[in-house]
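Visitor: One structure, as structure tokens, below. Some questions next.
The values are calculated or read from the model by the stated rules, or taken from the named source; none is laboratory data. Since this is a predicted model, take the numbers as computed values, not measurements. Note that each Cβ is placed from the backbone with ideal geometry, even for glycine, and that neighbours are counted across all protein chains shown. For accessibility, only protein heavy atoms count, side chains too; no ligands or nucleic acids. Shrake-Rupley method; radii C 1.70, N 1.55, O 1.52, S 1.80 Å.
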Amino acid sequence: MNTGTQSGEALPARAGLGLKPEHIDEIIATEPDVGFFEVHAENYMGDGGAPHRALTAITSRYPLSLHGVGLSIGAERPLDKAHLARLKALVERYRPQSFSEHLAWSTHESGFLNDLLPLPYTKATLERVSAHVDAVQQTVGARMLLENPSTYILFEDSVIDEIDFLEAIAENTGCGLLLDVNNVMVSAVNHRLDAFAYIDRFPAERVGEIHLAGYDETVDGAGDRLLIDAHNSTVADDVFALYRHTLGRTGPVPTLIEWDNDVPAFPVLLAEATRANQMLDAAPHWRDVRIARRA
């Protein structure tokens, strides 16, 4: 299968931030020490105007990560050709250093659901998602990173472990993986699993980017702890602890601080990036980690 070509050079192994419109003037004026900025592809699929003027100014100063939320990679229906064409034009326009999407679905028949919904891990789903990832990479001409989901339910018909499922897609298509550490914590708590054991099994050599975010906490109907992937607060201490453990396996990897709701003042985001950078600076080089694992 055709894996496409990487758009531009790789992201730096530093902390990056999601680009928010209310922060753009401050970023351009002060040029803060941020490794890269990430945007949702769907917010820039128009032909021109203020969003593109701002993004052009940002990309003249910083590397860019393009994160899709609307491809519906896991849907049973074929990929939307018009959406793919807009995505291809966006990649060609900005040549982002990274392009990623979610292992999820958000479309049904002719409708679009405003959510990223989970999938059963079956042989049929694996074949469909692999075909869709391959089609995206061939059309866009860039290697894609596929993100592990946050989940709140498990499917009785799932017969493939999530990590094995992700690794099989990467093997089938040549795509990379985006490891969302917050998603790991959310899913692990919700399903009473060991988040650290999940990270220990994850194919570290395929990870091209890491995401960190804040979660909300409540309880389910049985009174048990339930986490929500909310992206509306600082990264929790347990997620940062899991991130430090992750870096012990991957070495320094480009890391995004996701904060999409109740967006704070820019210095708050910058402080989160600084905390991640401190952990990145202390992380062993991946080559040293690999040698240690082989010893």
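Visitor: Quick check: is even one residue across segment 250-269 open to solvent by less than 40 Å² (accessible area, probe 1.4 Å), acidic (Asp, Glu) and more than 19 Å from Ile163 (Cβ to Cβ)?
Guide: yes
Visitor: Testing Leu280 on (1) modelled with pLDDT of 95 or more; (2) hydrophobic (A, V, I, L, M, F, W, C); (3) in a helix (DSSP H, G or I); (4) open to solvent by 20 Å² or more (accessible area, probe 1.4 Å), one condition comes back false. Which one is that?
Guide: Leu280 satisfies every listed condition except (4).
Visitor: Here's something else I'd like to know. Please find, within segment 36-70, the residue that is least open to solvent (accessible area, probe 1.4 Å) out of those that are of a type in the set (Ser, Thr, Tyr) and out of contact with any Pro (no Cβ under 9 Å at 6 or more places or on another chain).
Guide: Top of the filtered list is Tyr62.
Visitor: Here's another thing I want to ask about it. Can you tell me which residue is surrounded by the most Cβ atoms within 10 Å (Cβ to Cβ) among those in segment 177-208 that are over 11 Å from the mean Cα position of the chain (by Cα) and not in a helix (DSSP H, G or I)?
Guide: Among those residues, the one meeting the criterion is Phe202.
Visitor: Oh, and also: Every residue in segment 209-245 that is open to solvent by 30 Å² or more (accessible area, probe 1.4 Å) and in a strand (DSSP E or B), please.
Guide: Once the filter is applied, which keeps residues that are open to solvent by 30 Å² or more (accessible area, probe 1.4 Å) and in a strand (DSSP E or B), segment 209-245 yields Asp216, Glu217, Thr218, Val219, Arg225, Leu226, Ile228.
Visitor: Could you check, for segment 109-118, whether at least one of its residues is assigned to a strand (DSSP E or B), open to solvent by 30 Å² or more (accessible area, probe 1.4 Å), touching a Phe, Trp or Tyr at 6+ places or on another chain (Cβ under 9 Å) and under 30 Å from Arg244 (Cβ atoms)?
Guide: Scanning segment 109-118, I find at least one residue that is assigned to a strand (DSSP E or B), open to solvent by 30 Å² or more (accessible area, probe 1.4 Å), touching a Phe, Trp or Tyr at 6+ places or on another chain (Cβ under 9 Å) and under 30 Å from Arg244 (Cβ atoms), so the answer is yes.
Visitor: Given the condition in contact with a helix residue (DSSP H, G or I) (Cβ under 8 Å, 6 or more places away or on another chain) and either surrounded by fewer than 18 Cβ atoms within 10 Å (Cβ to Cβ) or without any contact (Cβ under 8 Å) to a residue 24 or more places away in the chain (or both), answer yes or no: does some residue in segment 2-14 qualify?
Guide: Checking segment 2-14: at least one residue is in contact with a helix residue (DSSP H, G or I) (Cβ under 8 Å, 6 or more places away or on another chain) and either surrounded by fewer than 18 Cβ atoms within 10 Å (Cβ to Cβ) or without any contact (Cβ under 8 Å) to a residue 24 or more places away in the chain (or both).
Visitor: Residues Arg14, Arg61: which one is closer than 19 Å to Pro96 by Cα, at pLDDT 95 or above and under 18 Å from the mean Cα position of the chain (by Cα)?
Guide: Arg14
Visitor: How do the pairs read when you match residues in segment 31-60 that are over 17 Å from Ile257 (Cα atoms) with residues anywhere that are among the basic types (Lys, Arg), using Cβ under 7 Å and keeping only pairs 6 or more apart or on different chains?
Guide: As it stands, the answer is Glu31/Arg61; Met45/Arg86, since those pairs meet every condition given.
Visitor: Next question. Looking at segment 110-125, which of its residues are in contact with a helix residue (DSSP H, G or I) (Cβ under 6 Å, 6 or more places away or on another chain) and at pLDDT 90 or above?
Guide: Tyr121
Visitor: Further question on the same structure: Does segment 31-39 contain at least one residue that is touching a His at 6+ places or on another chain (Cβ under 9 Å) and modelled with pLDDT of 90 or more?
Guide: yes
Visitor: Condition test on Thr234, is it farther than 18 Å from Ala13 by Cα, more than 20 Å from the chain's Cα centre (by Cα) and polar (S, T, N, Q)?
Guide: No, not satisfied.
Visitor: Report, by residue number, each residue of segment 228-276 that is within 20 Å of Leu177 (Cα to Cα) and of a type in the set (A, V, I, L, M, F, W, C).
Guide: Val239, Phe240, Leu242, Leu247, Val253, Leu256, Ile257, Ala276
Visitor: Quick one: what pairs do we get from segment 224-244, first residue on the phi > 0 side of the Ramachandran plot, second part of a loop (DSSP other than H, G, I, E, B) and surrounded by 17 or more Cβ atoms within 10 Å (Cβ to Cβ), C-beta under 8 Å, 6+ apart or different chains?
Guide: Hits for this filter: His231/Gly214; His231/Trp259.
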